[in-house]
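Read the structure below first, then the notes.
The values are calculated or read from the model by the stated rules, or taken from the named source; none is laboratory data. Quick caveat, the model's predicted, so the values are computed rather than measured. Here the Cβ is made from the backbone with ideal geometry for all residues, glycine too, and neighbour counts use every protein chain on show. The area values use the complete protein model at the heavy-atom level, side chains included, leaving out ligands, DNA and RNA. Shrake-Rupley method; radii C 1.70, N 1.55, O 1.52, S 1.80 Å.
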Amino acid sequence: MPLDPYLLLLLATVALATVLPARGTAADLASGASTAAVAALFFLYGARLSTREVVDGLRHWRLHVTVLACTFVLFPVLGLAARGLVPTILTDPLYQGLLFLTLVPSTIQSSIAFTSLARGNVPAAVCAGSFSSLAGIVLTPLLAAALLGGAAGFSGESVLRIVSQLLVPFLAGQMLRPRIGAFVARHRRVLGPVDRGAILLVVYTAFGAGTAQGVWQQVSPARLGALLAVEAVLLTVMLLLTWYGGRALGFGRADRIALQFAGSKKSLAAGLPMASVLFGAQASLAVLPLMLFHQMQLMVCAVIAGRRSRDPEAGEVSEAGTAHQAGEVRLAGEVSEADADAPDAGVTPPGRAAPSGTGAGTAPRSG
């Protein structure tokens, strides 16, 4: 089972923020830098995502709609059902973080990597992750307002913060993509550490503010263990629903693999900046469940993808997968190389695919 190296950096940042939180003027500077970092992240997200090719993927709309339903409907429903675990198993702040976890969009890079390893429909995983990321910029704050209410600090001011820190930079990146998209793709190895460094700054600011306010006194080892158990059940349920539900909906094997990996995961890269905007000083407890779930999903999905790759049916071509053409396969290579989902960097992305006569249902081998 892989241990995401980036998660170790995140945990080290949490430890640093717990021992040496920024205070006073330093806290104000860190907060300002974190705000700028979030805006920069979403600007780069917009500059990387090719809207034209994502729109081309709408031809396989049934699968993408199903992934979106898993991400933004089934997950939140399960999160709301977990309300019955408060206060006997989960504290209210931990439950709020768990519910927030169910509202964030899916991953891109790890969904592609695991789908490729399992020999599933890679272009479908690319498009599904891209659509989820786009939808999450709008749906995650709206769902947080509806389901978390005051816990997410949702107000007119927070709407302005979301628009100015998330939506405006993203749209600016999209508008400038024709001019800077090639530059961003060429320098992805340089910009990757910038992405991750920005997220580390967001984590340090959030957990430092939480330490200064004594939020860690609200969490005991027993509560953390209970949270891990609840998240294990949540992940198991979603993995089963996406796999067997895909079969009930008539999807072929390759499409069910894409559905399982894209529909059962949550993006740490998107969730952390959003939590810092929505929760402010309470963001530390809000993102703790997401950080734990992130590592759990990588470990479990790596095992599942390995087993799927040895499945006797792995060589079969999905009937639905034949609808994908060379443009979508090219998109798979483009997004996996210049992916915005930086914390998934511990997962090896698939290599660049080339069009073949068998269609996209036969996935490229992982790089």
Of all helices (runs of 4 or more DSSP H) fully inside the range 20-135, the set with 3 or more residues that are surrounded by fewer than 24 Cβ atoms within 10 Å (Cβ to Cβ) and of a type in the set (D, E, K, R) is 51-56
Result of the Cβ filter at 8 Å on the range 289-310, keeping first residues that are in contact (Cβ under 8 Å) with a residue 40 or more places away in the chain and open to solvent by 10 Å² or more (accessible area, probe 1.4 Å) and partners that are assigned to a helix (DSSP H, G or I) and charged (D, E, K, R), at least 6 apart or interchain, is Leu292/Glu231; Met296/Glu231
If Arg119 satisfies every condition in (1) farther than 21 Å from Val237 by Cα; (2) basic (Lys, Arg); (3) free of Cβ contacts under 8 Å to residues at least 24 places away in the same chain but one, which is the exception? (3)
Look at the range 201-224 and say how many of its residues are open to solvent by 40 Å² or more (accessible area, probe 1.4 Å) and at pLDDT 80 or above. 7
Going through the range 231-252 in order, the residues found to be part of a loop (DSSP other than H, G, I, E, B) and surrounded by fewer than 19 Cβ atoms within 10 Å (Cβ to Cβ) are Leu249, Gly250
